[in-house]
Amino acid sequence: MGKPILKMKPTHALITVFLALLFAWAGQIALGYIQVGRLEPILNEDTNYTEPPVPSGFAQTGARVFASEGCLECHSLSVRGPVGSADLTRGWGPRRTVPRDYLFREPAWVGSSRIGPDLSNIGIRMADPNQLMLHLWNPRLRSPKSNCPPLSPLFSAPSPVDISTGSPYSPTPLSASFPLSP
């Protein structure tokens, strides 16, 4: 065995500490970066779709809004595994998040805390677009104790072209059962 680090010459101790940190960095950061960098989308043979799907322009716009409004300060975008987390029990996703899920996210906004619920798969969990739009308009209408600020300033009146297209992305009027005043 070698000498204890405290009994080494200062230069040898410094070199030893530097090499230990270098190998730890190479093993954890560099190799992980290389492995994730080689990931490619895969074809799901059950659905015949590529996973993860290439995000549409709407998804990219939503990601920019998510970042600019500071949503990742309170929400995460990663479903944790069953050990030490209830994410799967809560139904936040069918499985834990894996590195491949972040292929087309640049940067990968994982989130920094869980003040609000995880927003992974929110489009699947809250499938009714009117409910989702109502929640974005003013979260306190659905959850009175919500800390989430209303995003109503981001909404604008739809253009006649948007209304006439009839696409699933065109705005639909909220029904009378969703009052807009608290």
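Coordinate-derived values only; no laboratory data. Just so it is clear, the model here is predicted, and its values are computed rather than measured. Quick reminder, even Gly has a Cβ in these numbers, built from the backbone with ideal geometry, and neighbours come from all protein chains shown.
Mean projected area of the convex hull spanned by the Cα atoms of region 49-153, taken over all viewing directions: 7.3 nm².
Between 82, 21, 11, the Cα set farthest toward the positive side of the dipole of region 1-83 (charges on each charged residue's Cβ, about the Cα centre) is that of 11.
In order along region 61-73, phi translates into HN-Hα couplings of 5, x, 5, 5, 5, 3, 6, 5, 8, x, 4, 6, 6 Hz, rounded to whole numbers, per the Karplus curve 6.51 cos²θ - 1.76 cosθ + 1.60 with θ = phi - 60° and x for Gly and Pro. Counted by neighbouring Cβ atoms within 10 Å, the residues 12, 135 run from fewest to most as 12, 135.
On full extension of the chain, what length is gained from residue 48 through residue 106, given 0.36 nm per residue of separation minus the C-alpha to C-alpha distance? Mind showing how you got there, number by number?
Values: separation 58, 0.36 × 58 = 20.88 nm, distance 2.52 nm.
Additional length available on full extension: 18.4 nm.
Our estimate of slack between residue 115 and residue 86, defined as 0.36 nm per intervening residue step minus the Cα-Cα distance, is 9.0 nm. The GluC sites (Glu not before Pro) found in region 14-82 that occupy coil by DSSP, while having at most 11 further C-beta atoms within 10 Å, are 45.
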